[in-house]
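The values are calculated or read from the model by the stated rules, or taken from the named source; none is laboratory data. All figures in this text were calculated on a predicted structure; none of them were measured in a lab. Positions of Cβ are generated from backbone atoms using ideal geometry, with glycine treated the same way; all protein chains shown enter the neighbour counts. Quick note on the areas: whole protein, heavy atoms, side chains included, nothing else; ligands and nucleic acids left out. Shrake-Rupley method; radii C 1.70, N 1.55, O 1.52, S 1.80 Å.
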Amino acid sequence: MTSIKNIVLIVLFMGTTLFAESKSGITIPYIDFPMKEGKGMYSTRGKCNMCHSWGYTLNQGLQSKKFWHDKVMKMIVVFKAPIKTQKDIDTVVNYLFENYGNGELE
């Protein structure tokens, strides 16, 4: 009997959140993560920002060309990023390396 009372209390407690409201409204802040201008920027933006903000990319720090290539391949293989051709892969990798690279190939 006690377990039924506990379940009813839990369900009632959870249900109260359905009626919660904020008279002042809720504002979600916008955080802009600007991309560096460069060859391949628009193509890269279209392919990467479809799934995540540019902030995710910036958080990787300055990396080698191999790192960026491996990261792009991971996005394609694991997360099914819409990067279909070798030309698209090269465009994205080159943009990332030229604008967010550390100058090292490996």
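The table below lists the values:
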item: Subset of the stretch 34-59 [of a type outside the set (D, E, K, R) and either open to solvent by 80 Å² or more (accessible area, probe 1.4 Å) or in contact (Cβ under 8 Å) with a residue 60 or more places away in the chain (or both)]; result: P34, M35, G38, Y42, M50, C51, Y56, N59
item: Residue check, D32 at pLDDT 95 or above and either out of contact with any helix residue (DSSP H, G or I) (no Cβ under 9 Å at 6 or more places or on another chain) or more than 23 Å from L105 (Cα to Cα) (or both); result: no
item: The stretch 58-75, residues that are closer than 17 Å to D88 by Cα and in contact with a helix residue (DSSP H, G or I) (Cβ under 7 Å, 6 or more places away or on another chain); result: K65, W68, H69, V72
item: Tally of residues being among the hydroxyl-bearing types (S, T, Y) and surrounded by fewer than 18 Cβ atoms within 10 Å (Cβ to Cβ) across the stretch 81-99; result: 1
item: Any pair with Cβ under 8 angstrom, 6 or more apart, that starts in the stretch 62-82 at a residue that is more than 22 Å from G103 (Cβ to Cβ) and ends at one that is assigned to a helix (DSSP H, G or I); result: M75/C48; I76/I89; A81/K47; A81/C48; A81/V72; A81/M75; P82/K47
